[in-house]
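Please treat every number below as a calculation from the coordinates, not as lab data. Given the structure is predicted, the values throughout are model-derived calculations rather than measurements. FYI the Cβ positions are ideal-geometry reconstructions off the backbone, even for glycines, and counts take in every protein chain you see.
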Amino acid sequence: MPTLSLPARISRPSARLVRGSAVAVLLTQCLIAVTGATVRVTGSGLGCPTWPQCFPGSMVPVSHADIAPLHQAVEFGNRLLTWVVAAAALVCLLLAWRVRPARPRLRLLAGAVLIGVPVQAVIGGMTVLLDLLWWSVSLHFTASAVLIWLAGQLVKATREGDHPPRPVVTTGMRRVLVAACVAAAGMVLAGTLVTAAGPHAGDPATPRLPVAITLLTQVHGLFVMAYLCLLAVFGVWLRNAAPTRGLLRAYAAACLVVLAQGVLGSVQYAIGVPEALVVLHVAGATLVITTLSLLWGESRYRGPAPTTEPRESAETGERAPA
């Protein structure tokens, strides 16, 4: 009697399903960073004044004379989103674990992101318990940036094999890309300091970073210019290389996103940092990190992705022998 293939299909997820789960991880990581910015610009950072409970003795918002219901809803909604982020990461890890042949790097990246979710939640809780001190908020977004980077690498891992990485670019180009990553890290860190000195603290009573925002903005802008210059140098050398389509797409996306982000940041600063543009700027920051992560991944080649689909006989529906 022929063996049905249904159990094999359940235990061995398709490449499309694994890739989709990795994309979901990336999207949810970006989304929670954006909703975190929404919490901050709406002054809802202490809408739930304690952690892990929302209010002492209650995991959910309760009526409170000193806290507006809107602030409670915004902050609590951000906390609920953490569970969605965790669920996406857990599903991705479970699927990665069932992939055959085994993909150790895929499992490692999926596991790293999943471990990062509770770490990020604890940092968020610490931020609340510290009454939104500026350095804790900066640390909170920095942790998000790391997780977004890892999620970008996770998405790339679903599209490649597990062979030792082979450079697609020259050694000089690789060094420029490393320098661009350093500049991007400085850009993100400086951006969090601009936020720490700016008007959107998450709560009106929160002390701000006592440094001139003009100076911090200039430092942030210098990192942006350095990042753009390094991308330009990389692009000039790219013309004389033999780039893959994936590398060209990732490079074009990285350039377009950071240029748009630079324009948005300049407009935002010129018109007084309105709340809506702050949220858009944070969304742009997540895209800058994502595109740079993908560019990094495309600069090396690990071979084609192994198939995860069980082969079947067209006539009997049985799994074909390996």
Which residues' amide hydrogens lie under 5 Å from the amide hydrogen of R300, considering only partners 5 or more residues apart or on another chain, with H built in the peptide plane?
V168
Helix-only CD estimate at 222 nm, as mean residue ellipticity for the chain, using -39500 (n - 2.57) per DSSP H run (n ≥ 4):
-23500 deg cm²/dmol
Tell me whether the chain comes out rounded, prolate or oblate; compute the Cα gyration tensor, take square roots of the eigenvalues as a ≥ b ≥ c, and use a/c under 1.5 as the rounded threshold.
oblate
Shape of region 1-116 from its Cα gyration tensor (a ≥ b ≥ c, root eigenvalues): rounded if a/c is under 1.5, otherwise prolate when a/b > b/c, or oblate?
prolate
Note down the magnitude of the dipole of the chain about its Cα centre, charges +1 on Lys and Arg C-beta and -1 on Asp and Glu C-beta and zero elsewhere, to the nearest 20 debye.
1360
Cysteines without a disulfide-compatible partner [the chain; Cβ-Cβ under 4.7 Å]
C30, C92, C181, C229, C255
May I ask you to evaluate 6.51 cos²θ - 1.76 cosθ + 1.60, the Karplus curve with θ = phi - 60°, for each residue of region 155-172 and list the ³J(HN,Hα) values in order in whole Hz, giving x for glycine and proline?
4, 4, 5, 6, 9, 9, x, 10, 6, x, x, 10, x, 8, 10, 6, 4, x
Would you kindly state how much longer the chain becomes between R239 and V62 on full extension, computed as 0.36 nm times their sequence separation minus their alpha carbon distance, in nm to one decimal?
57.7 nm
Whole-Hz ³J(HN,Hα) from phi, Karplus 6.51 cos²θ - 1.76 cosθ + 1.60, for region 108-118, glycine and proline x:
4, 5, 5, x, 4, 5, 4, 5, x, 5, x
Could you pull out every residue, at least 5 positions away or on a different chain, whose amide H is within less than 5 Å of the one on F55? Hs are placed 1.01 Å off N in the peptide plane, and Pro or chain starts have none.
V60
